[in-house]
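Structure first, commentary second.
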Amino acid sequence: MNNTQLYPFERNRYYPKKRMSSGDFLAEQAYHNNKRRFLNGLMYGSGVVCGLSVFSLDDLSILIESGVAIDGMGREIVVDSSDVKKLSAVEGFDALKTNLVSLCLRYKEEDVHKVYAIDQSDPNAEFQYNRIREGHEFFLLDRDDVPEIFEMESEFLTRGTLLADEHYLVELVMPAIVSRGRAVKAQLVITKQSDEDVRLTYHGVLQIPAFTASDGRNEIPIDIDNLSLAANESISYDYWMTVQKTPVSETNLILKTGSASAYENERAVASPGNFTVKILLSDTKPRELVTREIGKMNLEMKNIGAQGDFIRLADLRLVRTDSAYIIEEIIESNVKHYLAAPAQEMEREDYLEYFIREGEGYSPAITSSRSYEPVEDHSDGRMQGPEVATGILEIPLGENARKGDTFYSGEIMHGLGKGNVYVEIGYEFIKDDEQIAASAKSTIYGNPDIFANEQRTVVDADTAVRVLNDKGSFIAGARLRKNVDYLVLTYRWVAIRFPAGNDLGLRDDYTGKSISPETPTIKMGTKENHYFGVRFNHMDPVSITYELTESGSGEITSDGIYTAPAKPGVYEIRIYCTDMPVVCTYAYAIVEKKGLEEIEEQGDVKVDMRNPLSGFVR
């Protein structure tokens, strides 16, 4: 199906004794499908929701991970399991003409489950297909043949040209309307327009009435020295200003008279003599300005700028000869477009904290570091049931996997935190179920031999899981009991954390309570001692327990005196309230070996400085 017209929406009108034909039922399906896809396109846009990373397995083959995407027509594309492809077997390979190609994904429907047709009015239609399976297909295009996505010109940004010739284009870009009393960014964008080796030097002073720069002045110096770019390459420089609370409704940014000079390969070039950028001033908040600009685009404008019916996953650079090819590089950066799904907002905020300093105006809505929370029975304040997490893992086999070989997955975070967690894995597969005339997904946990008569496609392998209690993760392993032709085994994992210890007690209110080490990080020598004192925040002093998070990292007493090991390294100490383990913190010891002279002065070892190695044993 390639439905490009999703509206106007029409649905069935039902009335007593209405005769329904296949066309009526198709209209019912089309109404719900088109309404959902219409909203997908408006609310989310086009791109990758999750997964779909592309990796090179060898010089000829690629691995495409499972994932979900939405195409430009709002259709969901689900790749439910990772796929290994030999590049020459992907559609479009034989038509490639260049060494830079794009791997693309598109929606595909397939008629499945043939059944006997009751209606024999058509003698050629003895059988019909009972289902339509929504699937996908991968294909290749020369990068130059990928259609350009047309985007409507926005009125939100205004720009002025500082320099334009056959080699370079220098523009100043910023919002056309700004908010009084707020910060705003002006961006200097430099684009190389030729493939000649030309270096650019540009100097000028931008005068900014109604704005103040970071130094409090009404000027911004622009200094670009000996810049070299490749053809069609762009670079940008950001200049932040504050909009003054002035009653004027508009202002202009101009170049200071006589300040502008431009050189290309030390040869002077002419720049526009009368540079002016007109800016409107408003009391409207920035968020409202942005929301209004985005929302005012009408439906016709959105349709003109609609995305295509496929998703670019990666660009592949090939080395080709007349009879062979090699995958030289896989490029995903600036190729794959990810969608910001609301379900990922908590994780997104947690990650953004690594890039935003405190006090910069961003405050996460939720500060929990746990991905999964136990369900509580509020009637008596006790925990109700265990915490559970699940997911899909892959164990790569590579080529020539044989009976008796053992393979392992990578380290997988189960999200239930540190401690005792039970993890089980089962082989997941899809088979056609004749009883329901459709495909059914099954997972086998334990010995697959028991179901050997029912399913011949199950990989016969012994599996085990190693849970890393101190890290909150696990590693899965599989030993083949028979030879297989697969490159990757896919398993469903389930992790369960049962309440234990104080978790079974009455619920307490830990809001605002925390502890912190007086010295979070200490540098010390091997075998030295240090006391890790603790501060109590918004709580009375209580009993404290200290523990090392890994073996061989030294010793620590019950009162917090740490003795460094003989081996240099960075070691972690967990500190928590004995009766409230959920209130905890961490300290770190950076252990270094001391210099020879300092060690000798402390009497730890006698060293002959004429032979510095005499005091050490290899």
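Quick note: the coordinates plus some simple rules give every number you see, no bench work behind them. The structure presented is a predicted model; accordingly, all values stated were derived computationally and were not measured. Counting neighbours? That spans all protein chains shown, and the Cβs are built from the backbone with ideal geometry, glycine included.
May I ask you to order 412-423, 105-116 by the average number of other C-beta atoms within 10 Å around their residues, highest value first?
For the peptides 412-423, 105-116, the packing ranking is 412-423, 105-116.
Show me the three semi-axes of the equivalent ellipsoid for segment 200-253, from the C-alpha gyration tensor (sqrt of 5 times each eigenvalue), largest first, rounded to whole Å.
Here the semi-axes work out to 28, 12, 9 Å.
Roughly how far apart, in whole Å, are the Cα centres of segment 3-74 and segment 82-109?
Each part reduced to its Cα centre gives a spacing of 22 Å.
Using only alpha-carbon positions, what ratio does the radius of gyration of segment 157-295 give when scaled by 2.2 N^0.38 Å?
Here the Cα radius of gyration is 1.11 times the empirical estimate.
Compute the signed sum of charges (Lys and Arg +1, Asp and Glu -1) over the other residues within less than 11 Å, Cβ to Cβ, of residue 310.
So the surrounding residues net to +1.
Residue 183 to residue 326: extension gain in nm, 0.36 nm per residue of separation minus the Cα-Cα distance?
Fully extending the segment from residue 183 to residue 326 adds 46.5 nm.
How much length would be gained if the chain were fully extended between residue 294 and residue 496, taking 0.36 nm per residue of separation minus their Cα-Cα distance, in nm to one decimal?
68.3 nm is the gain from fully extending residue 294 to residue 496.
Modelling each spin label as a point 7 Å along the Cα-to-Cβ direction, I'd like the residue 511/residue 578 distance in nm, to one decimal.
In this crude label model, residue 511 to residue 578 measures out at 2.9 nm.
Picking from 56, 87, 162, whose Cα lies most toward the positive end of the charge dipole for segment 20-164 (charges on Cβ: Lys, Arg +1; Asp, Glu -1)?
It is 162, whose Cα lies furthest towards the positive end.
What ³J(HN,Hα) values, in whole Hz, does the Karplus curve 6.51 cos²θ - 1.76 cosθ + 1.60 give for segment 550-563 when θ = phi - 60°, with x put for Gly and Pro?
8, 6, x, 9, x, 9, 9, 7, 5, 9, x, 8, 9, 10
So which trypsin sites (Lys or Arg not before Pro) in segment 1-69 are both in a DSSP loop and have at most 14 other Cβ atoms within 10 Å of their Cβ?
Taking segment 1-69 and a limit of 14 other Cβ atoms within 10 Å, the loop trypsin sites (Lys or Arg not before Pro) found are 11, 13, 17, 18, 19.
Could you give me D for segment 1-138, from Stokes-Einstein at 37 °C and 0.692 mPa s, where the hydrodynamic radius is the Kirkwood radius over C-alpha pairs? Units µm² s⁻¹, please.
The calculation lands on 180 µm²/s.
Of the listed peptides 338-346, 485-493, what is their order by residue-averaged count of other C-beta atoms within 10 Å, with the highest listed first?
Top of the packing list down: 485-493, 338-346.
Please give the net charge around residue 56, taking every other residue with its beta carbon less than 10 angstrom from that of residue 56, where Lys and Arg add +1 and Asp and Glu add -1.
Cβ neighbours under 10 Å give a net charge of -4.
Roughly what would the spin-label model give for residue 50 and residue 26, points 7 Å off Cα along C-beta, in nm?
Distance between label points: 3.5 nm.
Taking a ≥ b ≥ c as the square roots of the eigenvalues of the Cα gyration tensor of segment 88-191, is the shape rounded (a/c under 1.5), prolate (a/b larger than b/c) or oblate?
Prolate is the answer for segment 88-191, as a/c is 1.5 or above and a/b outweighs b/c.
Once you sort the root eigenvalues of the Cα gyration tensor of segment 508-598 as a ≥ b ≥ c, which label holds: rounded (a/c under 1.5), prolate (a/b larger than b/c) or oblate (the other case)?
Prolate is the answer for segment 508-598, as a/c is 1.5 or above and a/b outweighs b/c.
Classify segment 133-198 as rounded, prolate or oblate, taking a ≥ b ≥ c as the square roots of the eigenvalues of its Cα gyration tensor: rounded when a/c is under 1.5, otherwise prolate if a/b is larger than b/c and oblate if not.
Oblate is the answer for segment 133-198, as a/c is 1.5 or above yet b/c matches or exceeds a/b.
Can you figure out the FRET efficiency of residue 254 with residue 130, using R₀ = 60 Å and their beta-carbon distance, to the nearest 0.05?
Calculated value: 0.25.
Net charge near residue 174: determine it from the other residues with C-beta under 9 Å of the C-beta of residue 174, scoring Lys and Arg +1 and Asp and Glu -1.
That works out to +2.
Which whole-Hz couplings ³J(HN,Hα) result when phi for each residue of segment 78-83 is put into the Karplus expression 6.51 cos²θ - 1.76 cosθ + 1.60, θ = phi - 60°, listed in order with x for Gly and Pro?
The phi angles translate into 10, 9, 7, 8, 5, 10 Hz.
How high is the FRET efficiency between residue 340 and residue 555 when r is their beta carbon distance and R₀ equals 51 Å, given to the nearest 0.05?
My answer for the efficiency is 0.60.
At a Förster distance of 25 Å, what's the computed FRET efficiency of residue 420 paired with residue 535, Cβ-Cβ distance as r, to 0.05?
The computed FRET efficiency comes out at 0.25.
If I model a spin label as a point 7 Å beyond the Cα along the Cα-Cβ vector, how far apart are those points for residue 240 and residue 84 in nm?
5.0
Non-local amide H neighbours of residue 487 (under 5 Å, H modeled in plane, Pro and chain starts lacking H): which ones?
HN-HN under 5 Å from residue 487: empty list.
Could you calculate the contour length gain from residue 566 to residue 402, that is, 0.36 nm times the residue separation minus the distance between their Cα atoms, to one decimal place in nm?
The residue 566-residue 402 span can extend by a further 54.7 nm.
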